[in-house]
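Just below is one structure, and these are the notes that go with it.
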Amino acid sequence: MIQLGSYNVIIPKHIIEDHYSGGIRQLRADLPKHVIHEDEYLYSIEGKYVTHVANANDELIKNGIDFNESKNRSDAFTVMAKEGIWWKVEWLVVVGDKAWFIADVEAPV
């Protein structure tokens, strides 16, 4: 379970490990000012402002994570903002200020 802050980029761990150039170690190096939370299945890149989310999104895309520019969305990650989810993904369960990967046995599905 991930505790959500004001702005969070949520991405499954297997996506980072399989598609992000250099994996989580490189992601942490690329985003030194961001706090990265994790549970068994997910990473959450937390930002205080929307500009932090934009920076994180740019790094993900630049380093191999799929993003559909014409639809302005991705199936690989999503953004949870204080205003709500930017686009829905099938693998994420959100209840209040908490998020789970759909396969997590503790997810409220």
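The values are calculated or read from the model by the stated rules, or taken from the named source; none is laboratory data. Everything numeric here is computed off the predicted structure, so don't read it as measured data. Cβ sites come from the backbone with ideal geometry, for glycine too, and all protein chains shown count toward neighbours.
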Matching option when the condition is in contact with a Leu (Cβ under 9 Å, 6 or more places away or on another chain) and not basic (Lys, Arg), among GLU106, GLU38, GLU46, GLU17:
GLU46
Being surrounded by fewer than 20 Cβ atoms within 10 Å (Cβ to Cβ), modelled with pLDDT of 95 or more and on the phi > 0 side of the Ramachandran plot narrows it down to one of GLY96, GLY64, so name that one.
GLY64
Could you please find all residues in the stretch 56-109 being within 16 Å of GLU46 (Cβ to Cβ) and among the small types (Gly, Ala, Ser)?
ALA56, ALA81, ALA99
Considering each of HIS52, HIS34 in turn, give the residue that is in contact (Cβ under 8 Å) with a residue 40 or more places away in the chain, in contact with a His (Cβ under 7 Å, 6 or more places away or on another chain) and not hydrophobic (A, V, I, L, M, F, W, C).
HIS52
May I ask you to list the residues in the stretch 32-57 that are part of a strand (DSSP E or B) and surrounded by 19 or more Cβ atoms within 10 Å (Cβ to Cβ)?
LEU42, TYR43, SER44, ILE45, GLU46, GLY47
